[in-house]
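The values are calculated or read from the model by the stated rules, or taken from the named source; none is laboratory data. Because the structure is a prediction, the values reported are computed rather than measured. We place every Cβ from the backbone using ideal geometry, glycine too, and count neighbours over all the protein chains shown.
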Amino acid sequence: MSWLLDPFKSIHEQPETVLPELWKHRDAIIEVLPYYLAVIAKTSKDPERFFEYNMKSLDKIFGHDRTKRGPRDNDIAGYAYDLSARAKGIFDKLDDF
């Protein structure tokens, strides 16, 4: 499969092309994602609410009780919570501008 996007379609309409490329670079994406979330939060109207909403959303989606989730869901939830914490740590270090 080639990495040529159809210029007449939106990216979300071409998952068979986009997703394999993203998967190849997943390690880089995993490392960079917290920085993007921190910058998005910093530039939002209410940055603190961004993280509050994010945590409430994670709780709603995954719940608090790990015993009610399967191993895969626990792994995903763990990554999501860790990602949010890493983004918040980066956010706290960024200067307001």
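Side notes on the structure shown:
- Checking each residue in region 58-72 for being over 19 Å from residue 90 (Cβ atoms), surrounded by 12 or more Cβ atoms within 10 Å (Cβ to Cβ) and modelled with pLDDT of 85 or more picks out only 59.
- If the condition is being loosely packed, with under 12 Cβ neighbours inside 10 Å and either outside any helix (DSSP H, G or I) or among the hydroxyl-bearing types (Ser, Thr, Tyr) (or both), then region 31-43 contributes only 43.
- Flag if residue 50 is assigned to a loop (DSSP other than H, G, I, E, B) and either loosely packed, with under 12 Cβ neighbours inside 10 Å or over 12 Å from the mean Cα position of the chain (by Cα) (or both): no
- Residue 31 being over 17 Å from residue 86 (Cα atoms), modelled with pLDDT of 90 or more and among the charged types (D, E, K, R): no
- Pairs with Cβ under 9 Å, 6+ apart, first in region 13-27 and at pLDDT 85 or above and among the acidic types (Asp, Glu), second surrounded by 10 or more Cβ atoms within 10 Å (Cβ to Cβ) and outside any helix (DSSP H, G or I): 13/6
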